[in-house]
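A short write-up of the structure that comes next.
The values are calculated or read from the model by the stated rules, or taken from the named source; none is laboratory data. The structure displayed is predicted, hence computed values, not measured ones. Glycine also receives a Cβ, built like all others from the backbone with ideal geometry; neighbour counts cover every protein chain displayed. Please note that ligands, DNA and RNA were not included when accessible areas were found on the heavy atoms of the full protein model with its side chains. Shrake-Rupley method; radii C 1.70, N 1.55, O 1.52, S 1.80 Å.
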Amino acid sequence: MSTTKFATKALHAGHDVQQTSGTRAVPIYQTTSYVFNNAEHAANLFSLSEAGYIYTRLNNPTNDVLEQRLAQLEGGIGAVVTASGTAALATALLVLLKAGDHIVASNSLYGGTYNLLNVTLPRLGITTTFVDPSEPTNFTKAAQENTRVFFAESLGNPKLDVLDLEAIAQQAQAYKVPFIVDNTVASPYLLNPIQYGANIVIHSLTKYITGNGTSLGGVIIDAGTFDWSNGKFPEFTEPAAGYHGLKYYEVLGAAAFIAKVRIEGLRDFGAALSPFNAFQTLQGLETLEVRILKHSQNALALAEWLSEQEAVAWVNYPGLKTSKYYDLAQKYLPQGQSGIVTFGLKGGFEAAKKVANDSQLFSLLANIGDTKSLIIHPASTTHQQLTPEQQESTGVTPDLIRLSVGLEAIDDLKADLATVFAALPVEKSV
Ligand SMILES: *Cc1c(COP(=O)(O)O)cnc(C)c1O
């Protein structure tokens, strides 16, 4: 399977039909627990001297297939699926960090992630410095003696800035800290951050990977490339109090981190993915390639059309030649730039709110990556809690509309927005 192409892996990787009674579909193992052969077998599973299933908070055969499939699609050595994208990020960070540790993060982040780093983790003594990622050396400039992670989104939501992954990965490597990349908006088809030096990749499965808006989920994928014995991560080299003295790096080597995510992260924080949601995600993942290409095509066509509309002040899509991220998009996202488009209305906050309200075909809701087209006015919804300065740094201006362009016929999407624009009050030209 390792030499096959993306579409083949998306359909087959991680599923051995012989092990599931020949079922062509991956079955849903809707069970909490697994019968041990005998007391010795049970003891061996708990001591990790034998691999097997114990309890669905830790592992499950349906989740297992999804984990192996996603790890292969991102080029990682292992993966752990979680109850949501947020759970994936929180679990990864809490497995790595302790009170007194510090993160350097891009300032162009998903609103929920920004709050986790800016408000909630500081309560636990884990602080973050936010930097402008368009200058990669900003990460090292903001790094401190206690910095343990560099974090960024490969394609910022909703700023749509394309990260220079390779340059930031070099900074992280030189500083000897893992580089964690949230690759949700790009999806593993359009971009594999591990190829450019990311050490850990996070996805919200809720978005393009499941793709149909039915199920929350998340994943942590380990590249297996980080040296946990470099002196900054004693929890990986010294006997673990939480696991009968296990020395993670000595025993598990390259898989030390992803093993710790499962046996400590899932055990202690409990954000396991339901096997039913894993099944739903597997159905979506099968068609990710065809969908994300069509999402990208529709988004580019709509972005070009929006650029010509009288009511529109500006359009941001990294596939547009006018985008300041065009060159980086050509390097990192040459096959398509995903389905998110943002634009500003000449009529500002009120016009943007009206467009979000009046559109018929675009559903007004807080999600992205659905097959159906979605619309939101972040300044009055998802980013309402942020100060004007924070809104500015995350790329959210009062006039901004975010579209998640779906798979509907492009002419219908244009016609819907044209009707809404026609009903806006005419702006006096300046
Ligand atoms: C949605 C999203 C998340 C959070 O994922 P959930 O599954 O909603 O918890 C994290 N990062 C990005 C970029 C997202 O778009």
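Taking the stated definitions as given, is THR91 open to solvent by 70 Å² or more (accessible area, probe 1.4 Å), within 16 Å of the ligand (Cβ to nearest atom) and closer than 30 Å to ALA142 by Cα?
Numbers: open to solvent by 70 Å² or more (accessible area, probe 1.4 Å): no; within 16 Å of the ligand (Cβ to nearest atom): yes; closer than 30 Å to ALA142 by Cα: yes.
Judged against the criteria, THR91 is not a match.
With the structure loaded, tell me whether GLN335 is among the polar types (S, T, N, Q), open to solvent by 60 Å² or more (accessible area, probe 1.4 Å) and touching a residue at least 24 places away in the same chain (Cβ under 8 Å) or whether it fails that test.
Numbers: among the polar types (S, T, N, Q): yes; open to solvent by 60 Å² or more (accessible area, probe 1.4 Å): yes; touching a residue at least 24 places away in the same chain (Cβ under 8 Å): yes.
So GLN335 fits the description; yes.
Could you grab me the full set of residues in segment 193-208 that are open to solvent by 10 Å² or more (accessible area, probe 1.4 Å) and either under 11 Å from the mean Cα position of the chain (by Cα) or within 16 Å of the ligand (Cβ to nearest atom) (or both)?
Residues of segment 193-208 that are open to solvent by 10 Å² or more (accessible area, probe 1.4 Å), as a first pass: 194-197, 199, 204, 206-207.
Listed by number, the residues that qualify are SER204, THR206, LYS207.
Within segment 257-370, which helices (runs of 4 or more DSSP H) (wholly inside it) include 3 or more residues that are of a type in the set (Gly, Ala, Ser)? Working first, answer last.
On the way: elements: 275-285, 288-307, 326-332, 348-358.
The helices (runs of 4 or more DSSP H) meeting that bar are 288-307, 348-358.
Scan TYR114, TYR110 and give me the residue that is within 19 Å of the chain's Cα centre (by Cα), hydroxyl-bearing (Ser, Thr, Tyr), closer than 30 Å to LEU11 by Cα and at pLDDT below 95. I'd like the intermediate steps shown before the answer.
Details: TYR114 fails: closer than 30 Å to LEU11 by Cα.
Result: TYR110 is the single residue among TYR114, TYR110 that is within 19 Å of the chain's Cα centre (by Cα), hydroxyl-bearing (Ser, Thr, Tyr), closer than 30 Å to LEU11 by Cα and at pLDDT below 95.
Specify the residue that is nearest to the ligand (Cβ to nearest atom); the eligible residues are those in segment 209-229 that are closer than 23 Å to THR147 by Cα and either outside the structural domain of ALA255 (by TED's automatic domain parsing) or assigned to a loop (DSSP other than H, G, I, E, B) (or both). It would help to see each step written out before you state the result.
Just the residues of segment 209-229 that are closer than 23 Å to THR147 by Cα, to begin with: 220-229.
Within this subset, residues satisfying the condition of being either outside the structural domain of ALA255 (by TED's automatic domain parsing) or assigned to a loop (DSSP other than H, G, I, E, B) (or both) are 223-229.
Values: ALA223: 19, GLY224: 23, THR225: 22, PHE226: 21, ASP227: 27, TRP228: 25, SER229: 30 Å.
Among them, the one singled out is ALA223.
Here is a check on your reading of the model: is ALA99 without any contact (Cβ under 8 Å) to a residue 40 or more places away in the chain and in contact with a Leu (Cβ under 8 Å, 6 or more places away or on another chain)? Steps first, answer last, please.
On the way: without any contact (Cβ under 8 Å) to a residue 40 or more places away in the chain: yes; in contact with a Leu (Cβ under 8 Å, 6 or more places away or on another chain): yes.
So ALA99 fits the description; yes.
Being of a type in the set (Lys, Arg) and part of a loop (DSSP other than H, G, I, E, B): is that true of LYS232 here? Please lay out each step first, then the result.
Details: of a type in the set (Lys, Arg): yes; part of a loop (DSSP other than H, G, I, E, B): yes.
It is true that LYS232 is of a type in the set (Lys, Arg) and part of a loop (DSSP other than H, G, I, E, B).
Quick test for you: out of ALA43, ALA10, ALA25, pick the one residue that is in the same structural domain as ASP268 (by TED's automatic domain parsing) and either buried (at least 19 other Cβ atoms within 10 Å of the Cβ) or under 17 Å from ILE258 (Cα atoms) (or both).
Numbers: ALA43 fails: either buried (at least 19 other Cβ atoms within 10 Å of the Cβ) or under 17 Å from ILE258 (Cα atoms) (or both); ALA25 fails: either buried (at least 19 other Cβ atoms within 10 Å of the Cβ) or under 17 Å from ILE258 (Cα atoms) (or both).
Step by step, each of ALA43, ALA10, ALA25 is checked, and only ALA10 is in the same structural domain as ASP268 (by TED's automatic domain parsing) and either buried (at least 19 other Cβ atoms within 10 Å of the Cβ) or under 17 Å from ILE258 (Cα atoms) (or both).
Pairs only if they're at least six apart or on different chains, beta carbon under 7 angstrom, first in segment 148-159 and outside the structural domain of LEU333 (by TED's automatic domain parsing) and more than 9 Å from the ligand (Cβ to nearest atom), second basic (Lys, Arg) and not in a strand (DSSP E or B); list them, first residue then second.
Hits for this filter: ARG148/LYS232.
Kindly indicate whether PHE236 is of a type in the set (Phe, Trp, Tyr), farther than 23 Å from GLN170 by Cα and modelled with pLDDT of 95 or more. Break it down into steps so the answer makes sense when it comes.
Numbers: of a type in the set (Phe, Trp, Tyr): yes; farther than 23 Å from GLN170 by Cα: no; modelled with pLDDT of 95 or more: yes.
No, not satisfied.
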